[in-house]
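Engineer: After the structure tokens below, expect a handful of questions from me.
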Amino acid sequence: MDVSSEHQELFVLLQEIISDISIILMAFYRFYQGRQRLRRCTQHNKTTRAYSLKFKIQKQLEHMHDLVFFNDETCIDNLRMSRNAFGRLCYILANVGGLENTKNVTVSEQVAIFFTVLAHHKKNCTVKHDFKRSGYTISKHFNSVLSALLKLQNLFLVKPTPIEDDTTNERWKWFKGCLGALDGTYIPLRVSLKDKPRYRNRKGDVSVNVLAMCEINMNYVYMLCGWEGSAADSRVLKDAITRDNGFKVPNGNYYLCDSGYTNGDGFLAPYRSVRYHIQEWNSHRTPPQNAHELFNKIHARARNVIERSFALLKGRWAILRSNSFYPVKVQNRIIMACAFLHNFIIIEMPVDPLEAEFPEVDDEISDEHNSTFIDQVEPSQHWTNWRKSLATNMLDEWRGFH
């Protein structure tokens with residue numbers, strides 16, 4: 001064997017050794033990279049767990065502070081009531097309505113979730129992002145607060161007081177014994193395709209027909225939800241007063257209503273085919289020419305209270321202004337809850353910024369079994385004659401001032 005062949009064999013042996021060393025180094029390198037990846041994943045998981053347990057709770061508390069407890073202006077903008085009114089409502093729902101703190105969600109946060117949905121008509125996916133909660137938690141507590149509110153119907157609905165003979169209120173002094181005003185309104189909602197014809201109202205929109213009565217301070221006395229938008233107002237009223245626990249109008253008292261209802265005992269309607277609406281009595285228009293027109297003008301000014309209450313109700317709760325994402329039954333319950341909260345805000349907040357945008361406790365009626373109530377909606381000649389004499393008296397006094 002010559003020298004060159006020996007060098008060649010040595011060179012081949014060295015190549016094999018270097019190749020083995022490279023394989024071993026590559027294996028160690030891959031092992032090292034794997035351990036690094038495992039350590040990074042472990043650190044990431046620890047960080048994630050730390051966020052969910054610590055930072056998530058911190059974000060929840062910060063959101064509640066900014067939403068409710070920062071100042072009254074922010075609280076009214078987001079939840080439609082002041083901090084003091086919000087705290088009182090939470091106390092009532094907890095101690096009277098039976099609403100309870102859960103392991104992770106307080107009563108105040110449950111109520112804030114409920115108000116966020118009603119005031120801004122936000123979807124579940126949006127609310128859960130804002131409150132850093134799951135969609136199940138948002139849905140669960142929304143329904144819990146809704147149920148607690150509806151249990152307090154007798155607490156939130158007011159009992160009307162008849163207009164006294166010595167009242168000095170210019171709008172109501174002519175209507176002695178009047179309890180307030182009534183009217184119907186449409187609330188849009190979503191229904192199945194087969195049900196749309198029943199819920200389509202005279203304006204062509206799919207809605208539910210809501211009948212409501214309010215007293216002179218715009219507090220709701222009674223509300224009936226559930227009738228389809230195609231139902232006539234007079235039919236809804238007839239259903240309300242014939243129910244066992246329905247709307248009660250004592251004999252001798254009455255409500256103001258528009259010309260869509262019958263002028264009869266308990267319900268004073270304006271003259272038909274005579275100008276009526278407030279915009280028709282602007283200063284540049286012709287003044288009333290006879291008793292009928294003057295009666296309609298005074299009647300419209302007083303009955304406008306129910307129109308303002310509807311405008312305030314829908315202006316405060318956005319969920320009543322657009323199609324709801326909830327079933328019809330739940331939407332009807334939501335409408336009732338909004339009416340209860342409307343009354344609560346008027347009583348607890350003497351100065352309501354929203355009301356300025358619209359210029360111009362547990363028991364049943366104590367003598368319910370000793371009083372007689374109106375149980376039908378029928379035309380009445382006696383009632384028509386009384387309206388005629390009332391209009392004549394209005395005209396005589398009006399002429400005395402002009």
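The values are calculated or read from the model by the stated rules, or taken from the named source; none is laboratory data. Predicted model only: the values in this text are computed from it and were never measured. Counting neighbours? That spans all protein chains shown, and the Cβs are built from the backbone with ideal geometry, glycine included.
Engineer: Can you tell me which residue is surrounded by the fewest Cβ atoms within 10 Å (Cβ to Cβ) among those in region 177-229 that are closer than 23 Å to Tyr255 by Cα and aromatic (Phe, Trp, Tyr)?
Structural biologist: Among residues in region 177-229 that are closer than 23 Å to Tyr255 by Cα and aromatic (Phe, Trp, Tyr), the one surrounded by the fewest Cβ atoms within 10 Å (Cβ to Cβ) is Tyr186.
Engineer: Please specify each residue of region 131-165 satisfying the condition of being within 20 Å of Thr106 (Cα to Cα) and among the basic types (Lys, Arg).
Structural biologist: Of everything in region 131-165, those that are within 20 Å of Thr106 (Cα to Cα) and among the basic types (Lys, Arg) turn out to be Lys132, Arg133, Lys140, Lys151.
Engineer: Also: So, in region 132-165, exactly how many residues are under 22 Å from Leu256 (Cα atoms) and aliphatic (A, V, I, L, M)? So that I can check it myself, show each step before the final result.
Structural biologist: Applying the first criterion (under 22 Å from Leu256 (Cα atoms)) to region 132-165 yields 157-165.
Subsequent filtering for residues that are aliphatic (A, V, I, L, M) retains 157-158, 163.
Number satisfying all stated conditions: 3.
Engineer: With the condition being modelled with pLDDT under 90, I'd like the helices (runs of 4 or more DSSP H) fully within region 149-267 carrying at least 1 qualifying residues.
Structural biologist: Passing ranges, in order: 233-242.
Engineer: Name the one entry in Arg316, Arg303 that is under 20 Å from the mean Cα position of the chain (by Cα) and either crowded, with 19+ Cβ neighbours inside 10 Å or among the β-branched types (Val, Ile, Thr) (or both). Talk me through it step by step, then tell me what you get.
Structural biologist: Values: Arg303 fails: under 20 Å from the mean Cα position of the chain (by Cα).
Going through Arg316, Arg303 in turn, the sole match is Arg316.
Engineer: Here's a follow-up. Among all residue pairs at least 6 apart or on different chains, which show Cβ distances below 7 Å where the first residue, located in region 126-150, is outside the structural domain of Phe340 (by TED's automatic domain parsing) and among the small types (Gly, Ala, Ser) and the second is surrounded by 15 or more Cβ atoms within 10 Å (Cβ to Cβ) and part of a helix (DSSP H, G or I)?
Structural biologist: Ser134/Lys128; Gly135/Asn124; Gly135/Lys128; Ser139/Asn124; Ser144/Gln110; Ala148/Leu93
Engineer: Further question on the same structure: Checking Val145 against (1) of a type in the set (Val, Ile, Thr); (2) touching a helix residue (DSSP H, G or I) at 6+ places or on another chain (Cβ under 8 Å); (3) more than 19 Å from Ile334 (Cβ to Cβ), which test does it fail?
Structural biologist: Looking at each condition in turn, Val145 falls short on (3).
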